[in-house]
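Peer 1: The structure under discussion is supplied below as structure tokens; questions concerning it will follow.
The values are calculated or read from the model by the stated rules, or taken from the named source; none is laboratory data. From a predicted model like this one, the values you see are computed outputs, not experimental measurements. Neighbour counts are summed over all protein chains in view; Cβ atoms, including those assigned to glycine, are modelled from backbone coordinates with ideal geometry.
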Amino acid sequence: MRGMFATGPLTVGDPAGDGGRLRVRDVAGRTFDERTGQPLNPSLRGYVADMAAPYGIAVREELIEQGAGRSYGEMCVPLLAELVSEDRPADLLVLATAIPDVHLGRATATYLSWQCAGAPLAFAVCDQGLLAAFTALHLIEAYARTGECRRAVLLVAEQPTLFHELPAPAPVPDRAAAVGVVLDTAGSRGALSVRRHTRVAERDVAGVLAAEVAGLAGDGPEPAVLLGARLAGMVTVRSGGDVRVCPPNQPFTGAWLELSRGFSGWHESGARVLLAEYEPGLGHLFSAAIRCGG
């Protein structure tokens with residue numbers, strides 16, 4: 001049973017440690033432009049072929065032969081070394097992805113737990129499209145309310161290598177990238193709030209998002225707004241603060257990379273930051289608000 005943890009649903013009404021309000025303590029991001037040439041796994045070709053065959057999807061034999069791609073474990077371990085230390089260990093680690101890892105035989109979240117100070121409880125959130133990172137944050141908030149999670153790490157990662165053709169059009173990045181976000185109940189760099197709007201028609205997205213931005217208005221600098229790839233071209237945000245739109249070539253991590261690039265400056269000025277993304281197929285608009293310097 002070593003390396004395995006069994007848990008159940010969170011208990012409603014559990015007391016919250018330190019108020020249960022997580023704050024973003026630090027953020028770091030990295031991009032990777034070159035492929036590593038992973039050693040060829042002899043069983044990979046058969047595994048991918050078996051998975052793709054029932055759906056009539058072509059296998060990309062040349063990428064398997066090249067050992068193409070960069071694994072999420074390889075990408076995220078340096079972020080953990082930068083963000084988490086033995087004197088400030090993590091209690092929870094959540095990996096959010098939209099594209100499968102190239103290291104198909106590894107339980108990546110478990111592997112990352114072993115590489116993280118504190119050997120935290122770890123799991124992955126996937127099959128949520130571009131909204132996976134927001135779902136991960138929502139779950140981290142819930143764990144914080146139990147009082148058992150003082151420090152959590154969110155890892156948001158994407159990579160462009162698929163060993164089979166896409167069964168339907170979907171956004172794919174042109175390079176690998178990973179972002180780590182440390183959330184701490186004892187931190188002071190901005191309280192976190194995650195909001196999930198469901199059944200939002202495309203015509204209503206601008207109004208809902210405008211209300212989200214207005215909700216952050218107050219004393220101090222105007223809020224910064226980081227829009228995900230699906231919101232690019234859909235809405236025009238009216239804010240006196242910094243507005244950044246995720247480029248289509250980095251659809252999953254783009255907004256989070258912008259958070260890593262601007263966070264120290266926003267914290268210094270006390271600005272508020274709103275990250276938002278929309279999934280038109282589901283009609284879901286998710287957002288995460290960070291009150292920097294709170």
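Peer 1: Only residues that are in contact (Cβ under 8 Å) with a residue 60 or more places away in the chain, under 19 Å from VAL77 (Cβ atoms) and hydrophobic (A, V, I, L, M, F, W, C): list them for segment 98-119, please.
Peer 2: Answer for segment 98-119, where residues must be in contact (Cβ under 8 Å) with a residue 60 or more places away in the chain, under 19 Å from VAL77 (Cβ atoms) and hydrophobic (A, V, I, L, M, F, W, C): ILE99, VAL102, LEU104, TRP114.
Peer 1: Being in contact (Cβ under 8 Å) with a residue 60 or more places away in the chain and touching a strand residue (DSSP E or B) at 6+ places or on another chain (Cβ under 7 Å): is that true of LEU231 here?
Peer 2: When the stated conditions are applied, LEU231 does not pass them.
Peer 1: Would you pick out the residues in segment 240-294 that are part of a strand (DSSP E or B) and either β-branched (Val, Ile, Thr) or at positive phi (or both)?
Peer 2: Hits for segment 240-294 are VAL243, VAL245, VAL273, ILE290.
Peer 1: To continue, here is another question. Name every residue in segment 120-146 that is of a type outside the set (A, V, I, L, M), in contact (Cβ under 8 Å) with a residue 60 or more places away in the chain and not in a helix (DSSP H, G or I), in order of residue number.
Peer 2: Selection gives THR146 alone.
Peer 1: From VAL77, VAL24, which residue is within 22 Å of the chain's Cα centre (by Cα) and modelled with pLDDT of 95 or more?
Peer 2: One residue alone meets the criteria, VAL77.
Peer 1: Here's something else I'd like to know. Looking for whichever is charged (D, E, K, R), modelled with pLDDT under 85 and surrounded by fewer than 19 Cβ atoms within 10 Å (Cβ to Cβ) here; the options are ARG238, ARG196. Which one fits?
Peer 2: ARG238
Peer 1: Give me a count of the residues in segment 253-277 that are of a type outside the set (Gly, Ala, Ser) and at pLDDT below 90.
Peer 2: The qualifying residues number 4.
Peer 1: Same structure again: May I ask you to verify whether ALA117 is part of a loop (DSSP other than H, G, I, E, B), surrounded by fewer than 22 Cβ atoms within 10 Å (Cβ to Cβ) and in the same structural domain as ASP26 (by TED's automatic domain parsing)?
Peer 2: yes
Peer 1: LEU166 - would you say it is among the hydrophobic types (A, V, I, L, M, F, W, C) and buried (at least 20 other Cβ atoms within 10 Å of the Cβ)?
Peer 2: No, not satisfied.
Listed here are the residues, each with its yes/no results for (1) crowded, with 23+ Cβ neighbours inside 10 Å; (2) of a type in the set (A, V, I, L, M); (3) more than 23 Å from ALA28 (Cα to Cα); (4) at pLDDT 90 or above.
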site	(1), (2), (3), (4)
ASP204	no, no, yes, yes
LEU209	yes, yes, yes, yes
GLY215	no, no, yes, no
LEU227	yes, yes, no, yes
GLY233	no, no, yes, no
PRO251	yes, no, no, yes
GLY283	no, no, yes, yes
ALA289	no, yes, no, yes
CYS292	yes, no, no, no
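Peer 1: A further question on this structure: Go through (1) surrounded by 22 or more Cβ atoms within 10 Å (Cβ to Cβ); (2) part of a loop (DSSP other than H, G, I, E, B); (3) modelled with pLDDT of 95 or more and name the single condition LEU154 misses.
Peer 2: Looking at each condition in turn, LEU154 falls short on (2).
Peer 1: Could you grab me the full set of residues in segment 49-64 that are under 20 Å from GLY105 (Cβ atoms) and surrounded by fewer than 15 Cβ atoms within 10 Å (Cβ to Cβ)?
Peer 2: The answer is ASP50, ALA53, GLU61.
Peer 1: In segment 254-262, is there at least one residue being over 18 Å from the mean Cα position of the chain (by Cα) and not aliphatic (A, V, I, L, M)?
Peer 2: no
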